[in-house]
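Chemist: Below is a structure I'd like to ask you about.
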Amino acid sequence: MANTDRSVEYRQIMSRAICGKGRKFCQVKHSIHPPDHIHHILGAWLINHNYESSKVGEAVEVRGTYDVNIWYSTKGNTKTDVMTETVHYAEKIPLTYYDRYTREGTVNVSTICTQTPNCVAAKLSPHKDSISIKVEKEFVVELIGETKVTVAVFPHELGDWDDKDKEDFISEMAEEDEYDTFDDLDPDLVFDDLED
């Protein structure tokens, strides 16, 4: 039987799709050198968060910066001041799902910071020569690239049928068990020439 005689054909189409996903909750500590006259820490917060991401192997690396503002007391707790320091970070986010058959040159990385960096603790060392801050943040990443999708293609005559005729045709195909099963499909056919 010729390929054109079949009632249903299968074709491969190129499509942009999500080919990788990952999520990571991060907890990190930074050490900051305070001014000499610091007495107590009154508060700490983070602003000006900027980041960019890129695919590295089967993971996504997020590199960024934020400004750490530390509010502190001085002169025997009689005055207050604020110090600012820019902190650089790099986080590697593993992919929990990754389609290795995606065309490499077509992959774009989408990164969303679902929990902006937040200082959850700030502690002055006993000798008052460093401040240890604990920061939490979370990222979700997606890789979007070109991949192949196999679709069922019905005869052109179906385009002229009304909805009832199409439903009857699909019902007949289901009864013949040709519409629901894919036992005769070659699973290697989907990805046979992605290496080019």
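The values are calculated or read from the model by the stated rules, or taken from the named source; none is laboratory data. Values in this document were obtained by computation on a predicted structure and should not be read as measured data. Cβ sites come from the backbone with ideal geometry, for glycine too, and all protein chains shown count toward neighbours. Note: accessible area is taken over every heavy atom of the protein model, side chains too, but ligands, DNA and RNA are not part of it. Shrake-Rupley method; radii C 1.70, N 1.55, O 1.52, S 1.80 Å.
Chemist: Could you say which residue among Ile13, Ile18 is at pLDDT 90 or above, open to solvent by 50 Å² or more (accessible area, probe 1.4 Å), aliphatic (A, V, I, L, M) and assigned to a strand (DSSP E or B)?
Modeler: Step by step, each of Ile13, Ile18 is checked, and only Ile18 is at pLDDT 90 or above, open to solvent by 50 Å² or more (accessible area, probe 1.4 Å), aliphatic (A, V, I, L, M) and assigned to a strand (DSSP E or B).
Chemist: Just to be sure, is Thr65 in a strand (DSSP E or B), open to solvent by 30 Å² or more (accessible area, probe 1.4 Å) and touching a Ser or Thr at 6+ places or on another chain (Cβ under 8 Å)?
Modeler: yes
Chemist: Oh, and also: Quick check on region 129-152: of everything there that is at pLDDT below 90 and open to solvent by 40 Å² or more (accessible area, probe 1.4 Å), which residue is farthest from Val68 (Cα to Cα)?
Modeler: Ala152
Chemist: Still on this structure, I have one more. Cβ contacts < 6 Å: first residue open to solvent by less than 60 Å² (accessible area, probe 1.4 Å), restricted to region 92-117; second residue assigned to a loop (DSSP other than H, G, I, E, B) and modelled with pLDDT under 95, any location; separation 6+ or different chain. Result?
Modeler: Every condition considered, the pairs that remain are Leu95/Glu58; Tyr98/Glu58.
Chemist: Which residues, taken from region 85-106, are under 18 Å from the mean Cα position of the chain (by Cα) and among the hydrophobic types (A, V, I, L, M, F, W, C)?
Modeler: If the condition is that a residue be under 18 Å from the mean Cα position of the chain (by Cα) and among the hydrophobic types (A, V, I, L, M, F, W, C), then Ala90, Ile93, Leu95 are the ones that fit.
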